[in-house]
1. For the condition small (Gly, Ala, Ser), modelled with pLDDT of 80 or more and either under 25 Å from Leu226 (Cα atoms) or touching a Cys at 6+ places or on another chain (Cβ under 6 Å) (or both), what is the one hit in Ser85, Ser110?
2. Kindly establish whether Ala247 is part of a helix (DSSP H, G or I), within 25 Å of Val111 (Cα to Cα) and more than 17 Å from the chain's Cα centre (by Cα).
3. Kindly indicate whether any position in segment 253-262 is touching a strand residue (DSSP E or B) at 6+ places or on another chain (Cβ under 7 Å) and either of a type in the set (Gly, Ala, Ser) or not in a loop (DSSP other than H, G, I, E, B) (or both).
4. For residues that are in contact (Cβ under 8 Å) with a residue 40 or more places away in the chain and out of contact with any helix residue (DSSP H, G or I) (no Cβ under 7 Å at 6 or more places or on another chain), scanning just segment 224-233, find the one that is surrounded by the most Cβ atoms within 10 Å (Cβ to Cβ).
5. With respect to Pro74, is the statement that it is modelled with pLDDT of 85 or more, under 30 Å from Ile175 (Cβ atoms) and touching a Gly at 6+ places or on another chain (Cβ under 8 Å) true?
6. Enumerate the pairs (first residue in segment 100-114 and among the charged types (D, E, K, R); second residue anywhere and assigned to a helix (DSSP H, G or I) and exposed (fewer than 12 other Cβ atoms within 10 Å of the Cβ)) with beta-carbon separation below 8 Å, excluding pairs fewer than 6 apart on the same chain, so at least 6 apart or on different chains.
7. Given Thr236, Thr254, Thr258, which one is surrounded by 16 or more Cβ atoms within 10 Å (Cβ to Cβ), among the β-branched types (Val, Ile, Thr), touching a Gly at 6+ places or on another chain (Cβ under 8 Å) and in contact (Cβ under 8 Å) with a residue 60 or more places away in the chain?
8. Could you tell me which residue of segment 253-276 is farthest from Gly45 (Cα to Cα), considering only residues that are among the polar types (S, T, N, Q) and in contact with a Lys or Arg (Cβ under 9 Å, 6 or more places away or on another chain)?
Amino acid sequence: MKKHIPYTFILPAFILLLIFNFYPIIETIVLSFMEQKRGVLTFAGLDNYIRLFNDQFFWLSLKNSLIYLVIQVPIMIILALGLASLLHRGVKYGKGFFRTSFFVPVVVDSVAYSLIFLLIFQEQGIVNYLLSFFNIDAIPWTRQAWPARTMIMIVMTWRWLGYNMVMFLAGLQSIPEELYESAKLDGAGPLNIFWNITLPSLKPIIIFSMILSTNGTLNLFAEPYLLTGGGPNNTTLSIGVYIYRQAFQSFNITYSATISIAVVVIVAILAQFQLRFGREND
């Protein structure tokens, strides 16, 4: 009887996991092979996947998402690692205040901060006002491709920088001080210590952070939708926004499910590549 007690306690959580996690995944896979005509679902085989490979808007949204991934994620990881190092070594007082201050953007509602950033980046906003002191003309942040992408990446970095910084800070605090003391006794400099002790010790957390950032970037929705609506001319269209358009504007649920499955596969491949890259460099 005692052998069944642990299973009895975990059963409610397992049932909720089946209902809210596994069932939606299975249902999405099933929908990706279906076609909806006049409200009736019929089996369509691989038609949705064939359409996906020939869909220029899907490839455009994937390209835009990869641009965010290649440019914004490394910048954010480097800044988060630098801030964590400063808080760990350079700040002696008020660490809790700084940790909270940098983490606050994570819990701010996306609609609220998007409206604020739209005001900041409007053509008569404070950003262009500050640039005018350097004789730089007003930048149309929402009407040109790269300014709009840059604005989205700035907002993404602002929101998730503190989240990654807290993870790195926790990792830094777990590194034994004896390693640093031994390195200093051997005559190692700050850069040598950082490169040979800090980075290798933080590598699992860095890989984990990159996987989370990859997943979040390829599922990016709030910033492109709220700041630019995917424009101008779909140059900031993300996969998340494209899925939303197909599901809730075109009411093409089956095709949006197909795109979702494609995103899952892409994220899984990139995560596996990152994990293998991390193991090969051990």
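1. Ser110
2. Yes; evaluated as a whole, the condition is true for this residue.
3. Yes, the conditions are met somewhere in segment 253-262.
4. Gly231
5. When the stated conditions are applied, Pro74 does not pass them.
6. none
7. Of Thr236, Thr254, Thr258, the one residue that is surrounded by 16 or more Cβ atoms within 10 Å (Cβ to Cβ), among the β-branched types (Val, Ile, Thr), touching a Gly at 6+ places or on another chain (Cβ under 8 Å) and in contact (Cβ under 8 Å) with a residue 60 or more places away in the chain is Thr236.
8. Here the answer is Ser256.
The values are calculated or read from the model by the stated rules, or taken from the named source; none is laboratory data. This structure is a prediction, so every number in the text was calculated from the model and none was measured. Here the Cβ is made from the backbone with ideal geometry for all residues, glycine too, and neighbour counts use every protein chain on show.
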